[in-house]
Amino acid sequence: MFLGLWPWQRLNAVQSAVFESAFLSRRNLLVVAPTGTGKTVVAELAIVGAMQQRLTALSPALAAQMQQTHCPGAAPRAGMPDVSSMLPGKVLYLAPMAALCQEKAHDWRARFGPLGIRVEALAGDGLSPGGLGGGDAATSSLMAADVICSTPEKWDALSRRWRDNVGLTGGVSLVILDEVHHVGTSRGAALEAIVARMKTISESEQVKAKRMPATALRFVALAATLRNATDVARWLRVAPGDMHVFGEEFRPVPLEKHVLAYFDGKNEFLFSESLFRRLPGVVSRFSDGRPTLIFCTSRKAAQVAAQVMADAATRLIPAAPTENPATAIRAAGRAGSSRPALLEDPSIGRGPSPFVADDRQRAQLESAAAASRSELLSTVLRHGVAFHHGGLEAADRSEVESLFKSRTLRVLATTTTLALGVNLPAHLVVVLSTSAYRGAAEGYTDLDPSDVIQMIGRAGRPGLDSRGVGVVMTARSKKDKYEAALFGPTTIVESGLLSSLGEHINAEVACRSIACVSDAYRWAASTFLAVRAERDPRRYEAELNDAAAGWALPCAPAQPPELNQGPEAPARRALKRLCRQVLAKLVATGVTRALPQSAAARGVTAASAAGQASEPPRPSPAGLAAAAAGGEPRTEIEAPGGARLDSEIAAVEWRSLAKAVAGGEDLLLQPRSVSRGIAHAYLSVASALRLLVVPYSASFRLILERVVACVEVLDGMPIRRDDKKRLNELNALRAGCVRYRTPGKVQTPQAKALVLLQAAMARAAFGDARLEQDARMLAARAERLLVAVSNIAASEDVRSPLAVNCRILGRSLAARSWGMPPPESRGASSGGGEAPTSQIHQLSAVLRCGVTDAMAAAWVSNGVITLENFCSASLDALASMAARSRGSRAAAASAQAVLRGVLQLTVRASKAGPDAVDLDLEPAVGGATPVGGSDPASGDGATPAPAAARSHDLSEYELFVCRNAPGGLVERKPVRALAVRQSIRVRLRQPQQPTMVQLADAAGAAGVVAEAPGNADLVFVHLLHRRLVGLDCSD
């Protein structure tokens, strides 16, 4: 009865061979088979197998219902039981690309939906700073889901709070790891961490006591190519009989492979350019006029490749309709110029195309071209050519995919990431260049051979082709490398965990999966890193020792001989040493707290166990004197990312740790709020420390400079050659656009990010669609990072000014408005001719009440700068200023109505004794009654706030109360603006000394600055609006 789930009646050879292991057993399974052999059906068999025991016990009517599921969109029949509550547990499907997760979720909703099986996709680009919180909409949706499709990074971030959401994480009984060979890539570390965590969850007493589905956890792993399958099988605890490896002979369509090597040329850039010139000839030689997929190493390369193919098609002598397209393209290739044609070429868009066979196809392409929002895509579509990448609008991407699947589109140029995403098989697959430009820092890097194999595996369409053709275009110097990968045994997959081991150990400490040093050993032993270290000890012992040396503290004692000897393998000892060094660094930098078990049994702290006072140490008098004199005290401990910490700050807990390690004692580990904040926000330890140890009164400039140096912001952000001219123009602009200029030319990704973030807040004209897209992505990443750091900084361990400033900057990025003068220029003349900063542009970004960017620009140009100016202006005046924008009066009325609904607060603080302060919060309408026009707040001509604006609660503020001392935050709470006066009494507990000493930048080098505690009797109050810039107040 389960065959009704698929539109065919028989399994192929691969599916038949693994049917028993996938469908009938509950054992772990590993399947390695070439692309196109139906591995997705293996995953679906495992899903159905997990249900089949319950499903077959239901009424016979359910079997009839299941037979209808091959009909797309079929709804459950009336009276049919809902089986979602009868499943033994949830299914977690993990894939390396969000596009692949979305595709599987879409397909499985249609397939399993009629059975009442709910499928949810968790594959968005962003990561919530708070991780997985209980009670929110996302958690509720996942709790109700039966199948969850996610990227490893998403599930890693969400499951870091698994103990708080054990109903979700403990409910997973089947984990499907698609494209598991990507465990050896830079993104594989998250996959290793997830497998280790899911093992921990399944073995936890909390899950066992409740007999949750995770106690019978099963892994099903799928891979296209995997030379060391036995290593992966050992990691996933797959029995030898459940490991299935299939060769190329099992492909449903034979694959013909070619490696075309060309003279390298003077440099990589010119060589890549020369490949475009050769592309039409390669397509004509191998395509036979059938659908062709061209994989390119960048978005721009995909666009240029599409232009080249369209240009080759339009520079033809009109051919007879029956002429073979390959013959026509070959002629065009011979006549091709040395450079790809530009859009200005009048030949593009005219004449016949060899990729358009008839009037019906031409009409479909014309319709798609007319609907496209991309001018370039619209141009090339008319010739049966298109490009596909993440920069396209979602509607354009979907339309291109649909046209290619229906064979209306003959040639598609796309980025290499599509090889892991949407399933778009073709007769011919061309890999255009094996070198990808990764930015100024890395330059050109070679594509991983396993990725190339994955790409050409798309060639050959079952039922349509008798063979598929894969062509790799590369340099002569790399021919042997890729021929060996394509025609010989595949490369061995290695572990990618080593580079981010510290972050993942910290995450396990934060979620209390690692509660002592021995737990860290056990956790590390469950990773693929441990498996590969035992299999290749010579290589990994050296790498592990090098990594341990990088984490080691200069003041660490020598390792006792007994810890370096014994029956363990050298690689296993090196892995344990690395774990100890990572934990030591986390403790020394104040991220994690260590406590010897002997001291814990006596109920004392780590500090008192070391013979010290339990109060954290204060900076030494010598350090204070050096700071007062403008000097920089010497440092002994260096934290990740170049942050230097005074050894005196970490000495208390470090001595406890060193003593316990030297004596072989198992240490207890307790997460601090910093540890939890880093883990829940999915930050690297280096990035968090880079921001958390800025000076007590850090400027916005310093914070921004630290933000753009973080990997979370810069990941995959190269600085392209044609970016530099416009970036340098933006960097030279005045009038409040880029306040903090980069000295000299913009040459690095960090400098690019600093310029684009400021230009985004100033709403500058980028003049380039790619730069604008980069700015949006950078702003979203930086906002997430700033919100996370603000939450960590507001904890008891760090300090309050950083929390306030990070929250202000994050909100400015969200609203795309500076909204305030630079803090260093407040109360003084800017001196640089800087124009007043605008708060008006956020009306279109935040309120969404009909105000457009053009309206806001018109009002700003006429001197309406602040929200108070806007609310005080008459509707007639505002409409006149924006007369060129249709609907400006109605939009202004709606915006004024919304803003008048936001009761701007005024806060006044007064001491109520030595240990308390009273706060009076008085509401005030944001602006005077307009003159010369109808008052939107009155009944005459009032325009109600639109639903989109009312859907946002704009009355939410956040209150920060702090004493004038490091770590002086004494209160942080949400405050709702009411129409009546409010009184709040805040108890002034003594501020805690921060665990980390502050940093200052001196000539680009980090140096320690020890600060005086300050006058703790002074109390500062900051009331920040959550969404709008310009409504804050302080006292």
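Brief remarks follow.
- Cβ-Cβ under 8 Å pairs, at least 6 apart or on other chains, segment 701-715 side under 11 Å from Pro749 (Cβ atoms) and assigned by the TED database to the domain that holds Ala759, far side among the charged types (D, E, K, R) and assigned to a loop (DSSP other than H, G, I, E, B): none
- Restricting Glu615, Glu568, Glu534, Glu562 to residues that are open to solvent by 10 Å² or more (accessible area, probe 1.4 Å), of a type in the set (D, E, K, R) and at pLDDT 85 or above narrows the list to Glu534.
To keep it simple, each residue is scored yes or no on (1) farther than 30 Å from Ala157 by Cα; (2) surrounded by fewer than 21 Cβ atoms within 10 Å (Cβ to Cβ).
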{"residue": "Phe700", "(1), (2)": "no, yes"}
{"residue": "Ile703", "(1), (2)": "no, yes"}
{"residue": "Val708", "(1), (2)": "no, no"}
{"residue": "Val711", "(1), (2)": "no, yes"}
{"residue": "Gly716", "(1), (2)": "no, yes"}
{"residue": "Arg720", "(1), (2)": "yes, yes"}
{"residue": "Arg726", "(1), (2)": "yes, yes"}
{"residue": "Asn731", "(1), (2)": "yes, no"}
{"residue": "Arg739", "(1), (2)": "yes, no"}
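- Failed item, numbered, when Glu868 is tested on (1) part of a loop (DSSP other than H, G, I, E, B); (2) open to solvent by 50 Å² or more (accessible area, probe 1.4 Å); (3) closer than 18 Å to Trp818 by Cα: (1)
- Helices (runs of 4 or more DSSP H) (entirely within segment 311-419) containing at least 3 residues that are at pLDDT 70 or above: 359-371, 375-381, 394-405
- Within segment 425-440, tally of residues that are open to solvent by less than 10 Å² (accessible area, probe 1.4 Å) and at pLDDT below 80: 1
- Members of segment 542-554 found to be part of a helix (DSSP H, G or I) and touching a Phe, Trp or Tyr at 6+ places or on another chain (Cβ under 9 Å), listed by number: none
- Taken together, the residues in segment 10-49 that are touching an Asp or Glu at 6+ places or on another chain (Cβ under 7 Å) and among the charged types (D, E, K, R) amount to 1.
- Residues (outside any helix (DSSP H, G or I) and open to solvent by 30 Å² or more (accessible area, probe 1.4 Å)) located in segment 753-798: Ala762, Arg763, Ala765, Gly767, Asp768, Glu796
- Screening Leu464, Leu409, Leu376, Leu392 for residues that are in the same structural domain as Gln307 (by the TED database), of a type outside the set (Val, Ile, Thr) and open to solvent by less than 10 Å² (accessible area, probe 1.4 Å) leaves exactly one candidate, Leu409.
- Residue in segment 266-281 that is surrounded by fewer than 20 Cβ atoms within 10 Å (Cβ to Cβ) and not in a helix (DSSP H, G or I) present: yes
- When each of Glu203, Glu153 is tested for being over 27 Å from Ile492 (Cα atoms), of a type outside the set (S, T, N, Q) and open to solvent by 30 Å² or more (accessible area, probe 1.4 Å), the lone residue that passes is Glu203.
- When restricted to residues that are closer than 22 Å to Val147 by Cα and either in the same structural domain as Ile453 (by the TED database) or in a loop (DSSP other than H, G, I, E, B) (or both), segment 172-211 contains 4.
- Residue list for segment 176-194, restricted to those being surrounded by fewer than 24 Cβ atoms within 10 Å (Cβ to Cβ) and among the hydrophobic types (A, V, I, L, M, F, W, C): Ile194
- Here Asn165 meets the list (1) open to solvent by less than 10 Å² (accessible area, probe 1.4 Å); (2) within 25 Å of the chain's Cα centre (by Cα) almost entirely, failing just condition (1).
- Cβ-Cβ distances below 7 Å connect the following pairs, each with a first residue in segment 720-734 that is closer than 13 Å to Thr748 by Cβ, a second residue that is open to solvent by 70 Å² or more (accessible area, probe 1.4 Å) and outside any helix (DSSP H, G or I), and a separation of six or more residues or different chains: Asn728/Lys745; Asn731/Arg741.
- Checked across segment 848-861, the condition of being at pLDDT below 80 and surrounded by 18 or more Cβ atoms within 10 Å (Cβ to Cβ) holds for at least one residue.
- Just one of the listed residues (Arg512, Arg522, Arg539, Arg532) is basic (Lys, Arg), part of a loop (DSSP other than H, G, I, E, B) and assigned by the TED database to the domain that holds Gln581, namely Arg512.
- Positions within segment 496-512 being farther than 14 Å from Arg161 by Cα and open to solvent by 10 Å² or more (accessible area, probe 1.4 Å), in sequence order: Gly496, Leu498, Ser499, Ser500, Glu503
- Selected residue (criterion: farthest from Ser526 (Cα to Cα)) from residues of segment 212-250 that are at pLDDT below 90 and not in a helix (DSSP H, G or I): Gly247
The values are calculated or read from the model by the stated rules, or taken from the named source; none is laboratory data. Since the structure is predicted, the reported quantities are computational estimates derived from the model, not experimental observations. All Cβ positions, even for glycine, are placed from backbone atoms using ideal geometry, and neighbour counts span all protein chains on display. Side chains are part of the model used for accessible areas, which takes the heavy atoms of the whole protein and leaves out ligands, DNA and RNA. Shrake-Rupley method; radii C 1.70, N 1.55, O 1.52, S 1.80 Å.
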